[in-house]
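What follows draws every value from the coordinates through simple rules; no lab data is involved. This one's a predicted model, so the numbers in the text were calculated from it and none came from an experiment. Cβ atoms come from the backbone with ideal geometry, glycine included; neighbour counts cover every protein chain shown.
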Amino acid sequence: MKHPQTQYHSASARSATAALLAALLTAGPVLAEAPSTNVATGGSTAPASAPAAIDAELVRQLLSRIEQLEKRDAARTNATSDEVTRKLQQRIAELEQKLGAIESGGKVLPEIAVTPNDAPTTVELDRKLKGLEEKTAAESEAARIKAAKTPIVSLGSTGLRFSSADTNFTVTLKGLIQTDSHTYFSDNDLREGNDTFGIRRARLYIRGTVYRDISFEIIPQWGGLNDQGSSLQDAAVAYHLGEHFEIKAGKFKGPVGLGLLQSIAWGDFSERSMVSGLVPFRNVGVQLSAKFFDGALQLAGGVFNNAGDGRNPGSFDYTDGKEYAGRIFLEPFKGTDLKLAKGLGFGVGGSWAQVSSNAFGLPATIGEPLPGYYTSPGTQQFFAYDPLVGPVVADGTHWRLSPQGYYYAGPFGLMGEYALSAQDVYNSTTFRSARLTHKAWQVTGQWFLTGEKAGFGAIEPIRPFTLGSPGWGAWQVVGRYSKFDVDDNAFPAFSNPDFSATDATSWSVGLNWWLNRNLRVLTSFTHTTFTGGGAPVSIANPGSVTAPSTVTAQDENLFATRIQLSF
């Protein structure tokens, strides 16, 4: 694309040349009538028709050709290079010099001509102009071909992006770093050491497209609870079938839980609610999803490896049985002019699986020796499958159901979900079996004090924070109430009532500061109470000195902070 200043000079030069030619056209008759001197006689002769006189037809042709050049130049302005413009200006300058010399009496510059007879003819000028046009067109085409092969690189708040010139192939690099602190108040002396700083997540997001319709995603993670080291969070390939359908294969989040489907980078609190503990965090399988009416109707269904509640399983299954999961979600007023209703969304997700006698079908351990459920955001185990006699395994049907919804209007947001996890369990020593149905629900609210629009995704502060400027970023007040209810039939055949709680109830309040889109600080206080568990410490009862007994022995009072950078 031409530089604006170059375009201006080019147009100015042609305009000046056109004006000069127009003036010559007017002065032509006068110059034509100028007497010539007869060298032999020393007298004057009749008006001459020598080349020094201006040919009116030639001037008109010049004007016509310049006008054509201006029109063609305007059509290919974006493609013509600065070098071509420079050469065109040089050529016009030469023409102006010639015409100036002719106007001054038939004299032209020595390096161009010495006599009026050397003035260019119409044929010569036309040939030269055509040659210039062909050269310009060739250079423009060469520039276009070069641009079509040049990769595109861009860097911004949404990451580093590499793209082929035709955008068929892209790679985007993003990152996430979360540095947390946990401070517990009035907790059990046996829980000393749980006040800590930690790297909760350090992730690299690698996303891209191949031949436009094929996308991929790879997300490795370092850090995590109990210093889990490196792990593979997601690795999936998706094929987009038109604008409505997508088929995805690999490891990724399943379709069941609403809170889980929200990126942890944009969550209201540093940890998800206890409801998310009743669905698998991720799974390996194949999923078909669809969107209709500009996303107002969303459908998803797939076949996955079996995964216990709250688990992020490995790359391979532990049983031949498979899990079938699906979700339907509606945003009926999306895309309408109803401002107070367009942020409403609701739906339901669920799953069904058949598990054959395997402990990996039970909930995650997250650093503890036994599988169980955890508080949030404290991530301390309050329930464990810890029978008095014999090990417990998942054996039989496992199904989940999760009604869910949210509502966003201006700076206000509300999200709620409920989950049921019904699982057949078996004690291989007592030969007892049961179907245990655990339940949890939560409601989370948010309000932006600085007027930003609340939503399910990223927030863009109206006035990002910068030292020395009036902007202070976005300030967000959040609150959450959550309850987890363990099936009473779990006691005592599958869990020890002296150690594990039968239910946990928590409330949380927080204040979040979004300095800009990429950097934010989260603070929150959570109070959780338990029913059951908390047996007195006894040497004769070893389980009383470990979780979950040491957790349920008192209320959990946690002050949590997070400094997060995402890009």
Ratio of Rg to Rh over the stretch 153-566 (Cα coordinates, Kirkwood Rh, two decimals):
0.97
Cα to Cα, under 20 Å, and not fewer than 8 places away if on the same chain: which lysines meet these conditions relative to K130?
K71, K87, K98
Counting other Cβ atoms within 10 Å of each Cβ, which chymotrypsin sites (Phe, Trp or Tyr not before Pro) in the stretch 291-367 have at most 11 and sit in a DSSP loop?
F316
In which sequence would I145, I199 go, from the one with the fewest C-beta neighbours within 10 Å to the one with the most?
I145, I199
Least to most buried among Y373, Y211 (fewest other Cβ within 10 Å first):
Y211, Y373
Once amide H atoms are built 1.01 Å from N in the peptide plane, which residues 5 or more positions from D386, or in another chain, come under 5 Å H to H?
S495, N496
Check L362: other-chain or 5+ apart residues with amide H under 5 Å from its amide H, H built from backbone geometry?
A394
Check G267: other-chain or 5+ apart residues with amide H under 5 Å from its amide H, H built from backbone geometry?
none
Diffing the stretch 546-555: the Karplus 3J(HN,Hα) column from phi (6.51, -1.76, 1.60, θ = phi - 60°), in whole Hz with x for Gly and Pro, holds 10, 5, x, 4, 5, 7, 7, 5, 8, 5
A correct Karplus calculation of ³J(HN,Hα) over the stretch 446-459, with 6.51 cos²θ - 1.76 cosθ + 1.60, θ = phi - 60°, whole Hz and x for Gly and Pro, returns 9, 8, 8, 5, 9, x, 5, 7, 5, x, 7, x, 5, 10
Report the relative contact order of the stretch 153-566, percent, no decimals, based on alpha-carbon pairs under 8 angstrom and at least 6 residues apart.
14 percent
Of the listed pairs K251/K291; K253/K334; K251/K334; K146/K251, those with alpha carbons more than 32 Å apart are K146/K251
Semi-axes in Å, largest first, for the stretch 180-244 (Cα gyration tensor, √(5λ)) are 40, 12, 9
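Can you sort H182, H240, H398 so the residue with the fewest Cβ neighbours within 10 Å comes first? Numbers along the way, then the final one.
Numbers: H182 19, H240 15, H398 25.
Final ranking by Cβ density, sparse to dense: H240, H182, H398.
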Karplus (6.51, -1.76, 1.60) ³J(HN,Hα), θ = phi - 60°, over the stretch 233-248, in Hz, Gly and Pro reported as x:
7, 9, 7, 8, 10, 10, 10, 9, 8, x, 8, 9, 10, 8, 10, 10
